[in-house]
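For reference, the structure is listed below as structure tokens.
The values are calculated or read from the model by the stated rules, or taken from the named source; none is laboratory data. What you see is a predicted model; the values in this text were computed from it and never measured. All Cβ positions, even for glycine, are placed from backbone atoms using ideal geometry, and neighbour counts span all protein chains on display. To get the accessible areas, we keep the full protein, side chains included, count just its heavy atoms, and leave off ligands, DNA and RNA. Shrake-Rupley method; radii C 1.70, N 1.55, O 1.52, S 1.80 Å.
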Amino acid sequence: RMGGGFGGKESRSALVAAFAALGAHHTRRSVRLVLERAEDMQTSGQRHPFFGEWRVGVMRDGRLRALRARIFSNGGFSHDLSVGVLERAVSHIDNCYRIPHTDIVGRICRTNTQSNTAFRSFGGCQGMFMLESMLCEVADRLRMPVERLREINMYRAGDVTPFMQPLPPADWNVPRMWQQLKPRFDARRAEVDAFNAASRFRKRGLALLPTKFGISFGAKHLNQGMALVHVYMDGSVLVAHGGTEMGQGLHTKMAMVAAETLQLPLEAVFISETATNTAANTSPTAASASSDLNGFAVHNACRVLADRLRPYRERMPDAPFSRIARTAYLDRCNLTAAGHYATPDIGFNWQTQSGLLYFYFTQGVALAEVELDTLTGAHTTRHVDIVMDVGRSLNKAIDIGQIEGAFAQGQGWATTEEFLYSPASGRLLTQGPGNYKIPSAMDIPRDFRVSLLEGADTSTLKTIFSSKGIGEPPLFLGASVFFALRDAVLAARKHAPGAGAGAGADEAGPPLHLEIPATPEVLRMACEDELVAMARIPSEQKEGRLPFALRI
């Protein structure tokens, strides 16, 4: 069990373990190592920064025809998990849109920063963000609302992704969720436009953003889970499985799977803390697949026990479970079972572009409304509505909590969490809460509504009780706040002739190019007025001079 983990402990924990082991070896004593926050941030690495170059072919009516993208990932000084992160970025650059012709190449760059590592969404959000930014700039060029451009190009059931995976008709629900939120978007669009027309220095913005996130490990051998289940004479059940609990509710879901399979109350099921002497050769608790892998392993073990106990239950239909378990024990019935599960049909060959890359997709749509102070760059997130397709949820309260938490984390990634490095040494300068800003209580949407898609066809899902993984998929929806801020900046730039405010701008004005994270400084400078023009340092004055800090 751990106090929290979003990727940084997947591989970088080996550093701390190695230091402690080395100290224990030389001193012949127990060693406990605790890093200070600054030390941890300098050694653990961060989410991979990405740089993208793209060329796109698009018809005048907004239909995308071709995309050529070159993606560069800052891996730091060593590989770590950079290959897997890049693979997921490349395979998520389509997001929810059909692009008939694609040419996508990814590269990992070795730099003098600390080695970057896994983080929640694992490259998926970087790839999707790149495409969504492209759509915004294309919409500016076409003088078309970007939501209309998204809608025109959205995948339809049966379409095939760039990595040759078809979207099954029964499990492609993004258009349905989009239509659920579209009336709210249209109503708020009119309200926002009226507010912006009456307000000079405070502007509101809207964004309607979809996502799909593939569920499976990229490495085929990791797509397996193991569990060990004991039934005791007093009727209690002890479950050991290969997943770790980090506050995401995995143990609760596994207990619910065992209780459902054995037809017992939840109170009768207990979870043993994860250890390799009970569940050996475990896969990482990652890739949003832990409920799938470990849940099916627990289910398989409990099904074996249920089959063994069936004759006793039929013989004593009204007896409490404790009596049934005791009778089975006295009859020398084995009350321990191991379960194993391996994801079927999975396995993708990058060389031949064949095979199944993801077992299924978790999908969602978010609608965000923000208010921006154009004089300071500060903003408030007024409303957020999310609809998420999680199949048949194992636990709705846990899943909604995961969606809310992932959204807040994605919002921080997109708006506040800025990394500054020394340009000469590559040393991280933002080493703690004093200068690295994570979302606070005041950043959370004032009106935050999350709902799970109801009535979806789950008949084709081969997952545990037709549920879907939920840990990482909602994170990208936090970027809806970024794109709503971009919309607010466009409204502000309409007061600056020639600034390139996108739809409605002068023909000569370029599209708005806004990079992540959209900190108050970035937003203020993007609003383009006479004060910004006076504050800009001419490029000739920058020549030959290293800045104090480099934003990556």
Seminar exercise, completed: How many residues of segment 394-434 are touching a strand residue (DSSP E or B) at 6+ places or on another chain (Cβ under 8 Å), of a type outside the set (A, V, I, L, M) and not in a strand (DSSP E or B)? The answer is 12
Problem set entry | Members of segment 525-552 that are of a type in the set (Gly, Ala, Ser) and touching a helix residue (DSSP H, G or I) at 6+ places or on another chain (Cβ under 7 Å) | Ala526
Problem set entry | When residues of segment 1-34 are limited to those that are open to solvent by 60 Å² or more (accessible area, probe 1.4 Å), part of a loop (DSSP other than H, G, I, E, B) and among the hydrophobic types (A, V, I, L, M, F, W, C), the one nearest to Leu475 (Cα to Cα) | Phe6
Seminar exercise, completed: Ile104 passes all but one of the listed conditions (1) touching a helix residue (DSSP H, G or I) at 6+ places or on another chain (Cβ under 7 Å); (2) part of a loop (DSSP other than H, G, I, E, B); (3) within 20 Å of Tyr358 (Cβ to Cβ); the exception is number (2)
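Looking only at strands (runs of 3 or more DSSP E) that lie completely in segment 280-378, which have at least 1 residues being open to solvent by 40 Å² or more (accessible area, probe 1.4 Å)?
336-342, 347-349, 354-356
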Problem set entry | Filter pass, Thr43 being out of contact with any strand residue (DSSP E or B) (no Cβ under 6 Å at 6 or more places or on another chain), polar (S, T, N, Q), touching a residue at least 12 places away in the same chain (Cβ under 8 Å) and assigned to a helix (DSSP H, G or I) | yes
Exercise. Among the residues of segment 261-290, which ones are of a type in the set (Ser, Thr, Tyr) and either under 17 Å from Lys220 (Cα atoms) or at pLDDT below 95 (or both)?
Worked result: Thr274, Thr276, Thr278, Thr282, Ser283, Thr285, Ser288, Ser290
Exercise. What are the pairs, 6+ residues apart or on separate chains, where a residue within segment 423-447 that is within 21 Å of Arg545 (Cβ to Cβ) has its Cβ under 6 Å from a residue that is surrounded by 17 or more Cβ atoms within 10 Å (Cβ to Cβ)?
Worked result: Gly426/Thr113; Leu429/Leu420
Problem set entry | Residue check, Gly75 without any contact (Cβ under 8 Å) to a residue 60 or more places away in the chain, in contact with a helix residue (DSSP H, G or I) (Cβ under 6 Å, 6 or more places away or on another chain) and closer than 30 Å to Phe163 by Cβ | yes
For this session: Inspect all residues belonging to segment 95-114 and state whether any of them is open to solvent by 10 Å² or more (accessible area, probe 1.4 Å) and closer than 25 Å to Ala488 by Cα.
Result: no
Seminar exercise, completed: Inside segment 507-551, the number of residues satisfying the requirement of being at positive phi and exposed (fewer than 14 other Cβ atoms within 10 Å of the Cβ) is 1
Exercise. Does Gly364 satisfy the condition of being within 30 Å of Phe201 (Cβ to Cβ), touching a Leu at 6+ places or on another chain (Cβ under 8 Å) and modelled with pLDDT of 95 or more?
Worked result: no
